[in-house]
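Remarks on the structure that follows.
The values are calculated or read from the model by the stated rules, or taken from the named source; none is laboratory data. For clarity, every value in this text was computed on a predicted model and none was experimentally measured. No Cβ is skipped: glycine too gets one built from the backbone with ideal geometry, and neighbour counts run over all protein chains shown. These area figures cover heavy atoms from the full protein model, side chains too; ligands, DNA and RNA do not enter into them. Shrake-Rupley method; radii C 1.70, N 1.55, O 1.52, S 1.80 Å.
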Amino acid sequence: MTDLRDPTLAAGEPSRDASTSEERLLAAATVLFSDRGFEATTTRDISTMAGLSPSAMYVHFPSKEDLLFRLVCRAHERALAQVLDAVAPFTDPIDRVRALVRDFSMLHATNFRKARIAQYESRHLNAEHHEVVAQTRLQIRVAAMREVRRGIDQGVFLIPDPRVAVLAIMSLAVDICRWYHPDGEFTPQELGDINADLVLRILHAPGY
């Protein structure tokens, strides 16, 4: 199972011990883009938080948008890997969907800053970069659709069309990053279990 934790941002600040200047810039941008937004963050803000000179960013990234693209791509690729890894140990459709929803939800809580950027700041990507991200998003949706369809085909999920259920899976998990805070009412594990139960009820799985 993919590690859901995000130690770089555990304290809300980029680590000064990051292995490279590039990673320090990415960590700083994660905090700033998430908390202030892409447009309100300057390249000087990013370099300063990373503990680097104002011009340091351009050594690694041609523009602020390229830095955003890297962060958004990483977040989506990690989400896709998490969806695929979550179901791998199981054969039963209920277990597979529960694991998928639970881990996908937890990912959006434990990595709420990165997820928030991926979901709400990706609108600032240029058309070419946006299309790259859209393809990864499609792969995530197809993977979730495949799991729901498997349960329908086996007569386990008593719904005729998987599309609404998949929209529920995506929406319930993704929305967590908008409001989640580590000091809030629910832990990532609790949110994962709550969402998994909700989705299985939507699917009319036995016992739900």
remark   = Simple SL model, points at 7 angstrom along Cα→Cβ for Phe186 and Ser63; separation in nm is 3.8 nm
note = Cα convex hull volume per residue for the chain, in Å³, equals 112 Å³
message = What distance in nm separates the two pseudo spin-label positions at Phe90 and Arg178, each 7 Å out from Cα along the beta-carbon direction?
response = 2.6 nm
Peptide ranges 48-54, 63-69 listed from the most packed, as the mean C-beta count within 10 angstrom indicates = 63-69, 48-54
task = Rounded to whole Hz and in sequence order, give me ³J(HN,Hα) for region 76-87 from the Karplus expression 6.51 cos²θ - 1.76 cosθ + 1.60, θ = phi - 60°, writing x for Gly and Pro.
result = 6, 5, 5, 5, 4, 4, 5, 4, 6, 5, 4, 7
request  = Could you list which residues have their amide H under 5 Å from that of Leu125, counting only those 5 or more apart in sequence or on another chain, with H placed in the peptide plane?
outcome  = none
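Can you pull the semi-axes for region 133-208, root of five times each eigenvalue of the Cα gyration tensor, sorted largest first, whole Å?
Its equivalent ellipsoid spans semi-axes of 24, 18, 8 Å.
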Those residues of region 172-196 whose amide nitrogen sits under 17 Å from the label point placed on Met145, 7 Å along Cα→Cβ = none
task = Hey, could you grab the Kirkwood Rh for region 74-162? Inverse mean 1/r over distinct alpha carbon pairs, Å, one decimal.
result = 14.0 Å
task = Evaluate E = 1/(1 + (r/R0)^6) for Asp161 and Ala81, where r is the Cβ-Cβ distance and R0 equals 41 Å; express this FRET efficiency to the nearest 0.05.
result = 0.90
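Where only protein heavy atoms count, and the probe is 1.4 Å, what is the accessible area per residue for the chain in Å²?
Per residue, the chain has an accessible area of 49 Å².
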message = Would region 60-103 count as rounded, prolate or oblate if I go by the C-alpha gyration tensor, calling it rounded below 1.5 in a/c and otherwise prolate when a/b exceeds b/c, oblate otherwise?
response = prolate
message = Between helix 93-110 and the chain, what is the angle of the helix's C-alpha long axis to the longest principal axis, kept within 0 to 90° and rounded to the nearest 10?
response = 20 degrees
inquiry  = Leaving out ligands, DNA and RNA, and with a 1.4 Å probe, what % of the accessible surface on region 54-111 is carbon or sulfur?
reply    = 59 percent
